[in-house]
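What follows is one structure encoded as structure tokens, with my remarks underneath.
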Amino acid sequence: MVQNISKSGFISKGQVALNRRARFDFEISETFVAGLVLSGTEVKSLRLGHANINDAYGVERNGEIYISQMFIAEYAYKGYESHAEKRDRKLLLTKREVVKIINALQKKGATLVAMKLFFDDHGRAKLEVGLGRGKKLYDKRESIKDRDWERDKARIIRNG
């Protein structure tokens with residue numbers, strides 16, 4: 001996805017952060033796109049691209065879904081207002097999605113993993129989360145084998 005960067009260096013729409021290991025470490029069964037409840041300095045920091053979602057995961061608290069361990073760096077030009085870098089942030093989902101996620105998280109081994117953080121066409125921060133189970137070591141080896149075979153197959157087809 002191409003980032004649209006304005007003259008000031010802000011990301012107006014497009015990808016901010018990506019968790020590349022999510023599909024490797026987890027078997028994702030379903031994905032959801034959720035809005036985030038953020039403060040002003042968090043949005044400004046996101047627009048500069050200062051975020052990390054590699055360790056982020058979803059938790060259920062009081063019938064609501066929160067994302068935990070998502071890192072958003074402190075905004076450099078803050079005045080008196082600032083934010084905690086790794087606080088829990090509420091996800092904005094529909095009631096049906098929340099019920100589906102809560103029911104799935106109650107099963108053993110289920111995890112809600114942050115996959116991609118981006119700005120949509122309207123300039124709103126969105127987080128793509130995936131519902132899945134952790135892969136075993138032999139599943140990861142299978143993924144590596146499949147990826148290598150696809151790469152070799154493409155090379156063979158390209159070279160004739």
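Points to keep in mind about this one:
- Restricting ALA51, ALA104 to those that are of a type in the set (A, V, I, L, M), over 23 Å from ALA17 (Cα atoms) and in contact (Cβ under 8 Å) with a residue 24 or more places away in the chain reduces the list to ALA104.
- Check on ASN103, at pLDDT 90 or above, under 16 Å from the mean Cα position of the chain (by Cα), of a type in the set (S, T, N, Q) and at negative phi: no
One line per residue, one yes/no per condition, for (1) modelled with pLDDT of 90 or more; (2) surrounded by 15 or more Cβ atoms within 10 Å (Cβ to Cβ); (3) of a type outside the set (A, V, I, L, M, F, W, C):
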site: THR94; (1), (2), (3): yes, no, yes
site: LYS107; (1), (2), (3): no, no, yes
site: GLY123; (1), (2), (3): no, no, yes
site: TYR138; (1), (2), (3): no, no, yes
site: TRP149; (1), (2), (3): yes, no, no
site: GLY160; (1), (2), (3): no, no, yes
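- GLY109 vs. criteria of a type outside the set (Asp, Glu) and within 30 Å of ASP148 (Cα to Cα): yes
- Residues located in segment 20-53, provided they are at pLDDT 90 or above and among the polar types (S, T, N, Q): SER29, THR31, ASN52
- For SER143, the conditions (1) out of contact with any strand residue (DSSP E or B) (no Cβ under 9 Å at 6 or more places or on another chain); (2) surrounded by 10 or more Cβ atoms within 10 Å (Cβ to Cβ); (3) more than 15 Å from ALA22 (Cβ to Cβ) all hold with the exception of (3).
- Being surrounded by 11 or more Cβ atoms within 10 Å (Cβ to Cβ), under 12 Å from ILE65 (Cβ atoms), of a type in the set (Lys, Arg) and out of contact with any helix residue (DSSP H, G or I) (no Cβ under 6 Å at 6 or more places or on another chain) holds for only one residue in LYS100, LYS116, and it is LYS100.
- Yes/no for ASN62 being modelled with pLDDT of 90 or more and closer than 30 Å to TYR138 by Cβ: no
- Between ALA73, ALA56, the distinction of being out of contact with any Cys (no Cβ under 9 Å at 6 or more places or on another chain), at pLDDT below 90, surrounded by 13 or more Cβ atoms within 10 Å (Cβ to Cβ) and among the hydrophobic types (A, V, I, L, M, F, W, C) belongs to ALA73 only.
- For segment 129-136, the count of residues that are under 23 Å from ASP55 (Cβ atoms) and either without any contact (Cβ under 8 Å) to a residue 60 or more places away in the chain or surrounded by fewer than 15 Cβ atoms within 10 Å (Cβ to Cβ) (or both) is nonzero.
Quick grid of which residues meet (1) of a type in the set (Phe, Trp, Tyr); (2) under 16 Å from the mean Cα position of the chain (by Cα):
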| site | (1), (2) |
| --- | --- |
| LYS86 | no, yes |
| LEU92 | no, yes |
| ASP121 | no, no |
| ALA125 | no, yes |
| LEU131 | no, yes |
| GLU142 | no, no |
| ASP146 | no, no |
| TRP149 | yes, no |
| ILE157 | no, no |
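The values are calculated or read from the model by the stated rules, or taken from the named source; none is laboratory data. Every value quoted in this text rests on a predicted model; they were computed, and no experiment measured them. Heads up, the Cβs are rebuilt from the backbone with ideal geometry, glycines too, and the neighbour counts pull from every protein chain shown.
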